[in-house]
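The values are calculated or read from the model by the stated rules, or taken from the named source; none is laboratory data. Predicted model only: the values in this text are computed from it and were never measured. Here the Cβ is made from the backbone with ideal geometry for all residues, glycine too, and neighbour counts use every protein chain on show.
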Amino acid sequence: MSALDRKLRRYVLTVVVSGALTLIALLLSTDWRAVRERPALYLSLLLLLFVGEMRPINIVRGSISGGEIAISTPFIFAMLLTAGVSAACAGLALSCIVADLFLRKPPLKLVFNAAQYVLSLAASGAALLLLAGARTMMTDPRLAAIDLGIVLIAGAVFFALNSTLPCIAIALDQNLPALSILRRDFSYQLATAGVLVMTSPLVVAAAGYSLMLLPILLLPALAVQWSSQLSLNNEHQSLHDSLTSLPNRTLFHARVTDAMPMTHFSAIMLIDLDHFKEVNDTLGHRTGDKLLRAVAERLCHYLGPAATVSRLGGDEFAVMLPDTSSEDALDAAHAVLDVLQSPFSVDDFSLSVEASIGVALYPDHGTDSGTLLRCADVAMYLAKQSGRGAELYSLDRDQHSRQRLRLLGQVQDAISDGQFILHYQPQLELRSGRVVAVEALVRWQHPEFGLLHPVDFVPLAEHSIHMSALTSYAIEQALTQQAAWFAQGIDVRVAVNVPANALHAPDFVQGVAAALSRFGVAARSLDIEITESTIMANPARALASLQALDALGVHLSIDDFGTGYSSLAYLKQLPVHAVKIDKSFMLNVTGDADDGRIVQSIVGLAKNLGLQTVAEGVEDEATLSLLRELGCDLAQGYHICRPVRAAQLSDILVRRVTGVRAGTRDRFNPTVG
């Protein structure tokens, strides 16, 4: 048992013992005269009190859950005003215990609730006795204006103690400051309790006229209960994710803020599910939603009640781990990765989930929830880039991330200023040894940071409005160079990568057609490369765009083939001419039998579908020889030639020397047909 649990148990035991001793003392000191004079009134109020205890208002507000407001308050105070504090405390304790038994509350909570009520009502009765003397409204039912004020003061005492006692218990249970809980719910509870307390004189007045009127006065209390519960439910919905029922971003911020004064250090984890969009696109949003719920349940089950698990939106989750060091936080992050990798069974599919996790520490990396989440987001992005799965935030690496954000704002001006340049990597026809195509690869010649590679700016740009403009710029530059080569008698196809938001743009195909016409380049000389994920991002629109490009005569290739989620049946529908085998299969194709079989299968599949195969990432002669044996059509990679500027490649292309000699990386003399 933790120190926090021991402290909570000691507190609960103290309240229970104090309540029991107070009740015993009151029972021994009363003569019960007021009850004996009107037993029917006492029993009627006792019955209504029990009904009110059976219909509590469950409080789930702000960052706190688990409190209640009973609508029995008017009948508690009516009993206090008519029968005295001893009879009221006895009746309240009895009805509370019976109601909690009916509601099947845990024994410890049952006795705590009864003790809490007794202590609060006893304090309220003491205030009433001090201010109004020993008389009850049973003996003197007339109420003056001052009496209403006395009732209000007594009600305030009851409210203050009845709110504070459970708030301390909740604070100890959730390791949160009690004052933050009281402040968060004070105005709401005060308004609700005040309305209920001020109804009590009406109950007494009605009872003095006829006991038959008492059940009618239950209706206003039920109306307060209904409207209050409705308000609380609406607030609960606004603070929780509707799909997973986890806290949303707003509530997560509140919980982090509330927890900070109670802990010396804690960790924030930001979890992003990799490739989740492909699951949605391939299996549908219904299956995707079920997978998100399953992920949420597994995270909560594994991390336990001490952690706060939140869904921030989409496939992004956040976790707060109190009292967690940097080493423990990284260990927990890697453990979460392992937990998520165990397959999920969803709609008869067995789905494995990969994730990237960024970790930020309080107070090392920030002293507010917004800063901590931003730092965790930076670390999460670095985890994606490094492929390590989980990363701890580092200020030095954040400088790089800030630079990338700054670069994003400069993309449009860089396009206008011509700062983006193209490097070209040849694609070798393995059968003849001729270069038949080149791939255009964008670089940024930045005036401050020098030559930047795509990894430095494309991941941010591809999700911005600038990517379509950058893609159009790359196509125009590639066609300009292709036309220049053609004028020199060099006829090679030029390939350009096109991301999803550019392919799906309504005017993309018209823009390509206009560029081909403007530069006088044959459509067959342009190769548009798209990845499987680009196709699956919007299959219908992708198919329409590809069909329109095919009608123009443009050559079409699927890039990074074998790493996406497209089905063979869907691939058959696409008007593509080639598939590019992802370089991940080339890294150890000569030493790994599985990779070799995968490449062989892709080559065979492509041939059966009448498609060319292009191998990316060829790093050595052994791989090149194996690809020839397997019947692969084209190859590119550092062993053949690094990406170079057009002027350097032109010198190679115009030599027209046939074949490629083994071991002549970066300096071969291919012919051009």
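Odds and ends about this structure:
- Any helices (runs of 4 or more DSSP H) falling wholly within the stretch 588-673 and containing at least 2 residues that are in contact with a strand residue (DSSP E or B) (Cβ under 8 Å, 6 or more places away or on another chain) and at pLDDT 90 or above: 593-608, 621-630
- Taken as a whole, the structure leaves GLU297 outside the set of residues that are over 18 Å from the mean Cα position of the chain (by Cα) and charged (D, E, K, R).
- Test: residue in the stretch 518-537 that is among the hydroxyl-bearing types (Ser, Thr, Tyr), in a helix (DSSP H, G or I) and within 29 Å of the chain's Cα centre (by Cα): yes
- Set side by side, the residues ALA294, ALA318, ALA306 differ, and just one is closer than 16 Å to VAL256 by Cβ, in the same structural domain as ALA259 (by TED's automatic domain parsing) and touching a Phe, Trp or Tyr at 6+ places or on another chain (Cβ under 6 Å), which is ALA318.
For every residue, the table says whether it meets (1) surrounded by 13 or more Cβ atoms within 10 Å (Cβ to Cβ); (2) of a type in the set (D, E, K, R).
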| position | (1), (2) |
| --- | --- |
| LYS572 | no, yes |
| VAL579 | yes, no |
| ASP594 | no, yes |
| ARG597 | no, yes |
| GLY604 | yes, no |
| ASP620 | yes, yes |
| LEU624 | yes, no |
| VAL644 | yes, no |
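- Check on LEU340, in contact with an Asp or Glu (Cβ under 8 Å, 6 or more places away or on another chain), within 20 Å of LEU382 (Cβ to Cβ), among the aliphatic types (A, V, I, L, M) and outside the structural domain of MET536 (by TED's automatic domain parsing): yes
- Some residue of the stretch 327-334 being closer than 15 Å to TYR362 by Cα and in contact with an Asp or Glu (Cβ under 9 Å, 6 or more places away or on another chain): yes
For (1) in a helix (DSSP H, G or I); (2) in contact (Cβ under 8 Å) with a residue 60 or more places away in the chain; (3) surrounded by 22 or more Cβ atoms within 10 Å (Cβ to Cβ), each residue gets a yes or a no:
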site: PHE252; (1), (2), (3): yes, yes, yes
site: THR257; (1), (2), (3): yes, yes, no
site: PRO261; (1), (2), (3): yes, yes, no
site: ASP272; (1), (2), (3): no, yes, no
site: HIS301; (1), (2), (3): yes, no, no
site: SER310; (1), (2), (3): no, yes, yes
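- Residue in the stretch 461-474 that is in contact with a helix residue (DSSP H, G or I) (Cβ under 9 Å, 6 or more places away or on another chain), small (Gly, Ala, Ser) and closer than 27 Å to CYS632 by Cα present: no
- Some residue of the stretch 384-391 being part of a helix (DSSP H, G or I) and surrounded by 16 or more Cβ atoms within 10 Å (Cβ to Cβ): yes
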